[in-house]
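Heads up: the structure comes next, in structure tokens.
The values are calculated or read from the model by the stated rules, or taken from the named source; none is laboratory data. The shown structure was predicted, so the numbers you read here are calculated from the model rather than taken from an experiment. All Cβ positions, even for glycine, are placed from backbone atoms using ideal geometry, and neighbour counts span all protein chains on display. Heads up: the accessible areas ignore ligands, DNA and RNA and are worked out on the full protein's heavy atoms, side chains in. Shrake-Rupley method; radii C 1.70, N 1.55, O 1.52, S 1.80 Å.
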Amino acid sequence: QVLSDVFNTPVYTIDTANSACLGSAYRAIHGLVAETNVSLADVIKLAPEPRLAVTPTAGAEELYRPLLKRYAELEQKVIYNPTSSC
């Protein structure tokens, strides 16, 4: 629910134990078939159907929008000046 609220987007899940590994596997498959001009989107069509898990809580966007903006500003500060303290 937190991810949905912070990013103001629905969150979907798939029935798999480790989705990060699954994503890596699809990228590997894409790499293996790269010479055949198969797109990553076509490879991912092999994935299980996602299931809607949660939707954003009403009003959460107003709370998190300024925080996301501040986070992005701090992130840019660290990226472009890594020796400064935030």
Problem - Å² of accessible area per residue within the chain, as computed with a 1.4 Å probe and no ligands counted - result: 80 Å²
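What do you get for trypsin sites (Lys or Arg not before Pro) in the range 1-57 restricted to DSSP loop and a cutoff of at most 11 other Cβ within 10 Å of the site's Cβ?
Values: sites: Arg27, Lys45, Arg51; in loops: Lys45.
When the trypsin sites (Lys or Arg not before Pro) of the range 1-57 are filtered for loop state and at most 11 Cβ neighbours within 10 Å, Lys45 remain.
Counting pairs of alpha carbon atoms under 8 Å apart in space and at least six apart in sequence, what relative contact order in percent does the chain give?
Once divided by the residue count of the chain, the mean separation gives 42 percent.
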Handout entry: Cα shape, the range 38-86, gyration tensor, a/c 1.5 rule
Key = oblate
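For a Förster distance of 25 Å, can you work out the FRET efficiency between the beta-carbons of Glu62 and Val11, rounded to the nearest 0.05? Please report the intermediate quantities before stating the final value.
Details: r = 19 Å, r/R0 = 0.77.
Calculated transfer efficiency: 0.85.
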Fill in the blank from the handout: Cα-based Debye curve of the chain sampled at q = 0.17, 0.19 Å⁻¹ gives log₁₀ I(q)/I(0) of -0.90, -0.92
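Using the beta-carbon distance between Gln1 and Val78 and R0 = 25 Å, what value does 1/(1 + (r/R0)^6) give for FRET efficiency, to the nearest 0.05? Provide the component values of the computation, followed by the final result.
On the way: r = 28 Å, r/R0 = 1.12.
Here the calculated transfer efficiency is 0.35.
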Handout entry: Crossing angle, helix 60-80 versus the chain [Cα axis fit, 0-90 degrees, rounded to tens]
Key = 90 degrees
Exercise for the section: Mind putting a number on the dipole of the chain about its Cα centre? Charges go on the C-beta only, +1 for Lys and Arg and -1 for Asp and Glu, and I need it in Debye to the nearest 20. Expected result: 180 debye
Practice task
Determine the share of the range 1-81's accessible area contributed by carbon and sulfur atoms, expressed in whole percent, with a 1.4 angstrom probe.
Solution key: 61 percent
